[in-house]
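Peer 1: So that we are looking at the same thing, I have put the structure below in structure tokens.
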Amino acid sequence: MIAVVEVTVAPLIPPLMPPEQGEGNGRRPGVLRRPPLPLPDLPIPRAGSSVYGLAAIDVSGRIADRMIVRALGWGCGTRLHIHESAGLIVVRLDPQGVFTLTGQGHLHLPAAVRKWCGLKPGDRLLLAADPDGGVLVVHPPAALDAVVAQIHAAALGGEQHE
């Protein structure tokens, strides 16, 4: 069964305005005119140089995104420090780090970090690289859920959608 829903859509073209009275305004008296169309708010330009990627974690805890690794200037064998912070995984270049990029340039997340963040094989992760700071922040699904919920609540004004 198909339900028919009637929706009223506001007009895209503003209604005509009554003619302006008097002379000296540069318009012909008695001519209808339209107000100017509203301008949309322009998006805020990017302020940073972050590079983003999405990657799935494999059964061994590896994630791969060549663009991210290249943007950070990391190569195979690069020594790294990896830790969990506020539900995110922070990866930094560290000459004394005990973790390294694999021979294929994959990042292997330690089992303890995967457990703390509740990661399972196949989970998709947001990778946010800051090349200037030399840091990679891995956003697990739970962290993304929290951020997206906040943004949606602000954008939708608290509307609930099912």
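Peer 1: Looking for whichever is open to solvent by 50 Å² or more (accessible area, probe 1.4 Å) and either modelled with pLDDT of 95 or more or out of contact with any strand residue (DSSP E or B) (no Cβ under 8 Å at 6 or more places or on another chain) (or both) here; the options are P121, P141. Which one fits?
Peer 2: Unique residue meeting the criteria: P121.
Peer 1: Residues to consider are R34, R62, R66; find the one that is farther than 30 Å from A111 by Cα and either touching a strand residue (DSSP E or B) at 6+ places or on another chain (Cβ under 8 Å) or at pLDDT 65 or above (or both).
Peer 2: None of the others qualify; the one that does is R34.
Peer 1: Can you say whether G158 is modelled with pLDDT under 95 and under 20 Å from G53 (Cα atoms), as far as the supplied structure shows?
Peer 2: So G158 does not fit the description; no.
Peer 1: For the stretch 41-67, give me the residue count where each residue is of a type in the set (D, E, K, R), touching a residue at least 24 places away in the same chain (Cβ under 8 Å) and more than 17 Å from V137 (Cβ to Cβ).
Peer 2: Number of matching residues: 3.
Peer 1: Out of the residues in the stretch 99-118 that are assigned to a loop (DSSP other than H, G, I, E, B) and out of contact with any strand residue (DSSP E or B) (no Cβ under 8 Å at 6 or more places or on another chain), which is least open to solvent (accessible area, probe 1.4 Å)?
Peer 2: The extreme case among them is G105.
The values are calculated or read from the model by the stated rules, or taken from the named source; none is laboratory data. All values reported here derive from a predicted model rather than from experimental measurement. All Cβ positions, even for glycine, are placed from backbone atoms using ideal geometry, and neighbour counts span all protein chains on display. Note: areas computed on protein heavy atoms with side chains; ligands, DNA, RNA excluded. Shrake-Rupley method; radii C 1.70, N 1.55, O 1.52, S 1.80 Å.
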